[in-house]
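Engineer: Quick one: the structure is below, questions incoming.
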Amino acid sequence: MRFYAAATSLFQSRSPKTRSITNIVTITDYSRLALILAALAMTGQLEAQVELPAPESATEDQTETTPSPEFTPEAPVQIRPDEGSPVAGTEVNAPQFDIGRHFHLSGSLNGGYDDNVNLTPTGSPSWYANPTANFRYLFGSARLAMDLLAGGGINYYFDHPGGRDYDPLVYLDLSAAYKVTLRLTVNFSTSSAYEAQPEFGTSLSSTRRLGNYFRSENRLSAHYKLSPRLSSVTAYDLSVLEYQSSAGHDRLEQAFSEQLRYLWTPTTTVSGEYRFSLNESQSAQGGSNTQSLIAGLEQSFSPRFKAGLRGGVQLRSSGNGGDRTSPYVETSLRYELGSQGGTAHRESAASTYIIWTNRYSIEESDLHNAASRETFRTNLKLNYAMTARISASLALIYFHGDNAASNQISSRSLGGSSNESTFDITPSVRYAITQHCAFNAGYRYTDVSRGSGAAALDPLQSFGSYTRNRYFAGITLSF
């Protein structure tokens, strides 16, 4: 099978040559690379459905295989209520085996008032309308499972602040898993979007408006059971950030990792991981590489309540920023009480769940002359079903980062602190009028603060702290 051969060849090439870093990164090259990965995965899925039916006896055994650690069953789709798009930086949906085929169509029309469309210190208000539509397809057999969510829309501004008429939004989220043998499962996931609004939940975005941009986070991995308790995960990650008109902020990040997992008790898993990442950028920091040694502990308190702790050390080497060593800490907590909708309509069902992740690590800075950024990041998503028709949700994103200057900028020339912090919170309420129609309303508040030395790290862009208030309400139709 062509997809299996491509994946096997990729995993056997464990020592890639670092290519030289160019000063011009085109959106065409990186976008094509991300699309090729998605095409390979989808092609392999179609072939698998025709050419590799599982024997009846083998199928029964495979359904008992422990799922890959990249996927958490029953993880709800996290949709941004004010724009109807998936929340960036969250885990991709888990595909489920043996569920058959499901199609789901939905559309929404939101409207409201935004007091700072262009994200400037002085504000740029406008009334706006936000029509969106998306398509979801789920497929699960004994050997193949996939979950596809695709859609798009626009934010249209009636007052045209700063000459801005609308912001585009097109997105694709895909996760797929294929059981090659009883022991080997190959997984692929991608989260890609073309948009203009900053995404605060991921490091693969700026906190300012730099024009329309394309971002894509992709992962290809193989989960192999060495024994009933011991397994390995070999993975390749590709992340792409490309701006349409802003020079010096495009990035390409690649990571190769090997993880060993041991089932200590039926509810406890310990792990150890080595990760090597290559980072290329148009900025003055140039290229860098980071090595990470990470140990992990995962505890399942019940089928619906899981928590994890991972910690270790990161060793970063950069020609313009010197060598740095930083601790790496990551925690996660997931709890889901239940859902009153079916599997194919999980994102629109009334349910109660909490997803909370925290991480402290070295990230790539979005400032042109910064070498790196030590960042603490927390993402919280809470949904509470008050009744079968009414539910309330809260989405919170916060991160604080300390930027390190490259060798071209001395720390004394910064003239102040170069740290930055972002706080973004969105409370909302949803009322199901009928099974296929729902009304939602909410409020989104954003506060971005930067130290006075940040301007010295990126003199080509306008700087300044800003706040934003967004009030919205709308109707969603689903079929």
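Please treat every number below as a calculation from the coordinates, not as lab data. Only a predicted model underlies this, so the values are computations on that prediction, with no experimental measurement involved. Neighbour counts are summed over all protein chains in view; Cβ atoms, including those assigned to glycine, are modelled from backbone coordinates with ideal geometry.
Engineer: How do TYR178, TYR384 rank when sorted from fewest to most other Cβ atoms within 10 Å of their own Cβ?
Structural biologist: Working: TYR178 25, TYR384 15.
Neighbour counts put them in this order, fewest first: TYR384, TYR178.
Engineer: To continue, here is another question. Tell me the net charge near TYR213. Cut-off is 14 Å between Cβ atoms, TYR213 excluded, with +1 for each Lys or Arg and -1 for each Asp or Glu.
Structural biologist: Numbers: positive: ARG208, ARG209, ARG215, ARG251; negative: ASP167, GLU195, GLU199, GLU217, GLU242, ASP250, ASP366.
Taking every Cβ under 14 Å from that of TYR213, the sum is -3.
Engineer: Further, regarding this structure: Using the count of nearby Cβ atoms within 10 Å as a rough guide to exposure, how do VAL180, VAL240 rank from fewest to most? Walk me through the intermediate numbers first.
Structural biologist: On the way: VAL180 18, VAL240 23.
Going from least to most buried by this count: VAL180, VAL240.
Engineer: Take the alpha carbon gyration tensor of region 158-257, find the square roots of its eigenvalues, order them as a ≥ b ≥ c, and report rounded if a/c is under 1.5; if not, report prolate when a/b exceeds b/c, else oblate. Mind dumping the intermediate values first?
Structural biologist: Working: a/c = 4.10, a/b = 2.71, b/c = 1.51.
Prolate, because a/c is 1.5 or more and a/b exceeds b/c.
Engineer: Around THR268, under 12 Å between beta carbons, what's the net of Lys plus Arg minus Asp minus Glu among the other residues? Mind showing how you got there, number by number?
Structural biologist: On the way: positive: ARG229, ARG261, LYS306; negative: GLU298.
It works out to a net charge of +2.
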